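I have placed the structure first, in the form of structure tokens, so that the comments after it can refer back to it.
The values are calculated or read from the model by the stated rules, or taken from the named source; none is laboratory data. Please read all numbers here as calculations on a predicted model, not as lab measurements. So basically every Cβ, Gly included, is an ideal-geometry build from the backbone, and we count neighbours across all protein chains shown. Heads up: the accessible areas ignore ligands, DNA and RNA and are worked out on the full protein's heavy atoms, side chains in. Shrake-Rupley method; radii C 1.70, N 1.55, O 1.52, S 1.80 Å.
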Amino acid sequence: MQSEDTWMELHVLHRHGWSIAALAREFGLNWRTAKKYATVDAPPRYRTRVCPAELSAAQLAHVERRLATCPDLRVTVLLRELGDAYGYGGSYASLRRRVVELRPRDEAEPEIRFETDPALQTQGDWTDCGTWPLGEGAGELFAFVAILGYSRMVAIRFATDKTRPTTLERIVRCVDDLGGASAEFLTDRDTALVVGRRADDRPIFAPEWVDVAALLGTRPRACRAYRAKTKGKVERIIRELKEDFLAWLTGQPFPERPTLAWYDEQARRWARTVVATRRHRTTKRVVDEAWATERGLLTPVSRRLLARLDGQATLVPVPSPLSAPQTAAVAGEAVEVRGLDVYAELVR
């Protein structure tokens, strides 16, 4: 925006016969800018910024109450709550400007992530959710979060511990919620899944995890040490779970004795109504539409495996003399030695 003095000079010179091209050269302006200032009767001014939509007393009280109990509450959560309960008709941008006045907060820059083909990779990780009502009291809740790398569809299952049996059971449940297993399952080096590392820093997976991965039809993978951001997609959705889902959960009516199944159901509801309906900022795809494409390429979870879980049977196998060689074969670190008569039989 040029100054009022510049407008005056351009306007007067143009009236005294200067051409637009000559004015642009003289003042070092774009031809269109010179024409705009030379031909208008008043100096151009910035348009008045649209004020944020006004909140009613009830709406403002709700926003202040929610921010008081959950300071990091997302504006998208407030927009849904105000629309459902108070008939708020303003836009997201307008409400966000209003919330910034009540609770200033710097927005973090989005992280750059590698994109994967459909059904190629699932990322999973545990996160600590804090203390929540559980049964007749309260307990520490953990959530295992799994996300498909292509569609960004998410599955969440809660637990009260992160032991190996619980981790394997939660992984199977999440994979089933996502519609099946992808070609590989990426995690960090959680001791429930990784028991050590080789001299070249490659992970040594727990035999139980290798067996379960084989049953699912996926290949276990682990991030390099101290490189957790390799699985940035699940790290991002974990942050969203804490800032959006758990914040939203604080405003929901709780049953008298909440159970893990109840928390799982609330997470599925959030995934279907919030995550699945959005257009992802990086991929520009609607999550639910991309998931419909990817789901047909996944390997469905065996009904027998799910029946074992429903019967409360542990997925951790009982040690046997054959367990070590079988595990090595599944991991691709050992091959079966066959006699020449076997091959002779095959070529007959």
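Of all the residues in the stretch 240-260, those that are in contact with a strand residue (DSSP E or B) (Cβ under 9 Å, 6 or more places away or on another chain) and part of a helix (DSSP H, G or I) number 7. On inspection, LYS231 does not qualify as more than 29 Å from HIS280 (Cα to Cα), among the basic types (Lys, Arg) and either in contact with a Phe, Trp or Tyr (Cβ under 9 Å, 6 or more places away or on another chain) or in a helix (DSSP H, G or I) (or both). Of the residues screened, VAL175 is one that is surrounded by 16 or more Cβ atoms within 10 Å (Cβ to Cβ) and in contact with a Leu (Cβ under 7 Å, 6 or more places away or on another chain). Any idea which residue in the stretch 112-132 is modelled with the lowest pLDDT, counting only those that are open to solvent by 80 Å² or more (accessible area, probe 1.4 Å) and farther than 28 Å from THR163 by Cα? Among them, the one singled out is ILE112. In the set (1) open to solvent by less than 40 Å² (accessible area, probe 1.4 Å); (2) within 28 Å of TRP262 (Cα to Cα); (3) out of contact with any strand residue (DSSP E or B) (no Cβ under 8 Å at 6 or more places or on another chain), the condition left unmet by GLY149 is number (3).
Just one of the listed residues (PRO253, PRO207) is open to solvent by 40 Å² or more (accessible area, probe 1.4 Å) and either under 24 Å from the mean Cα position of the chain (by Cα) or under 30 Å from HIS62 (Cα atoms) (or both), namely PRO253. Note on the stretch 191-202: residues that are open to solvent by less than 40 Å² (accessible area, probe 1.4 Å) and at pLDDT 90 or above total 3. Among the criteria (1) touching a Pro at 6+ places or on another chain (Cβ under 8 Å); (2) open to solvent by 50 Å² or more (accessible area, probe 1.4 Å), the one ARG272 does not fulfil is (1). Restricted to the stretch 133-146, and to residues there that are in contact (Cβ under 8 Å) with a residue 24 or more places away in the chain and within 20 Å of ARG164 (Cα to Cα), the residue that is surrounded by the most Cβ atoms within 10 Å (Cβ to Cβ) is ALA146. Is it fair to say THR259 is touching a Lys or Arg at 6+ places or on another chain (Cβ under 8 Å) and at pLDDT 50 or above? Against the criterion (touching a Lys or Arg at 6+ places or on another chain (Cβ under 8 Å) and at pLDDT 50 or above), THR259 does not qualify.
Against the condition in contact (Cβ under 8 Å) with a residue 60 or more places away in the chain, surrounded by fewer than 18 Cβ atoms within 10 Å (Cβ to Cβ) and under 23 Å from LYS233 (Cα atoms), how does GLU184 come out, does it pass? Against the criterion (in contact (Cβ under 8 Å) with a residue 60 or more places away in the chain, surrounded by fewer than 18 Cβ atoms within 10 Å (Cβ to Cβ) and under 23 Å from LYS233 (Cα atoms)), GLU184 qualifies.
Of the candidates THR299, THR293, THR282, the single residue that is polar (S, T, N, Q), more than 21 Å from the chain's Cα centre (by Cα), surrounded by 13 or more Cβ atoms within 10 Å (Cβ to Cβ) and more than 22 Å from THR191 (Cα to Cα) is THR299. Total residues in the stretch 1-48 satisfying the condition of being at pLDDT 85 or above, basic (Lys, Arg) and surrounded by 13 or more Cβ atoms within 10 Å (Cβ to Cβ): the figure is 1.
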